[in-house]
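In what follows, a single structure is set out as structure tokens and then discussed.
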Amino acid sequence: MEIRRATTVDEIAAAQHLYDGPSRREWAERFLASDGHLMVIAYVDGVPAGFVSGIEMLHPDKGAEMCLYELSVDAACRRRGIGRALTEALALVARERGCYDMWVGADLDDEAALATYRSAGAGEDGAFAMLTWKFDGSA
């Protein structure tokens, strides 16, 4: 397995089979151009097998923190430590960028995600509710 940060639109597009939907070139360009938007991809035999994306957030009274935005590992490659390795790679980038912490929201019944994050060193910070504003007219 090789893990490296995505720096081109082509790298992002090559991993689109791991996303919820197809990659769009204009969004990938915007993602890469946005300081603090990060994607790390794991390759197995040269093929993207998983990715993690993160967004560095900055606040005047807190400094910088990393939000682990999304983690995905191809079904055929799961249970090999790829998710943990990707999470640890993002945490390393967060530390290098001076973030004071990294956080992720996860469904309380998503045992695989919770186990992955815990195995990479995350600790419980309490339950919370996630509320969402939809801007596309959907409920």
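Some points to look at:
- Overall shape: oblate for segment 95-139, with the ratio a/c of the largest to smallest alpha carbon gyration tensor axis at 1.5 or above and b/c at least equal to a/b.
- Point-charge dipole on Cβ atoms (K/R +1, D/E -1) for the chain, about Cα centre, debye to 20: 260
- Estimated 222 nm signal from helices in the chain, with DSSP H stretches of n ≥ 4 weighted -39500 (n - 2.57), rounded to 500: -8000 deg cm²/dmol
- The length gained on full extension between L92 and A33, counted as 0.36 nm times the residue separation minus their Cα-Cα distance, comes to 19.2 nm.
- For segment 46-105, the set of GluC sites (Glu not before Pro) satisfying both a DSSP loop assignment and a count of at most 12 other C-beta atoms within 10 Å is empty.
- Counting DSSP beta bridges with both ends in the chain, the antiparallel % (nearest 5): 90
- Accessible surface of segment 25-139, 1.4 Å probe, proportion on carbon and sulfur as whole %: 52
- Three-way shape label, segment 46-88, alpha-carbon gyration tensor, a/c 1.5: prolate
- Using the 1.4 Å probe convention, the accessible area of the chain works out to 67 Å² per residue with neighbouring protein chains retained.
- Segment 18-72 and segment 80-128: distance between their alpha carbon centers, rounded to Å: 14
The values are calculated or read from the model by the stated rules, or taken from the named source; none is laboratory data. Because the structure is a prediction, the values reported are computed rather than measured. In this analysis, Cβ positions are derived from the backbone assuming ideal geometry, glycine residues included, and neighbour counts consider all displayed protein chains. Surface accessibility is based on the protein's heavy atoms, side chains included, excluding ligands, DNA and RNA. Shrake-Rupley method; radii C 1.70, N 1.55, O 1.52, S 1.80 Å.
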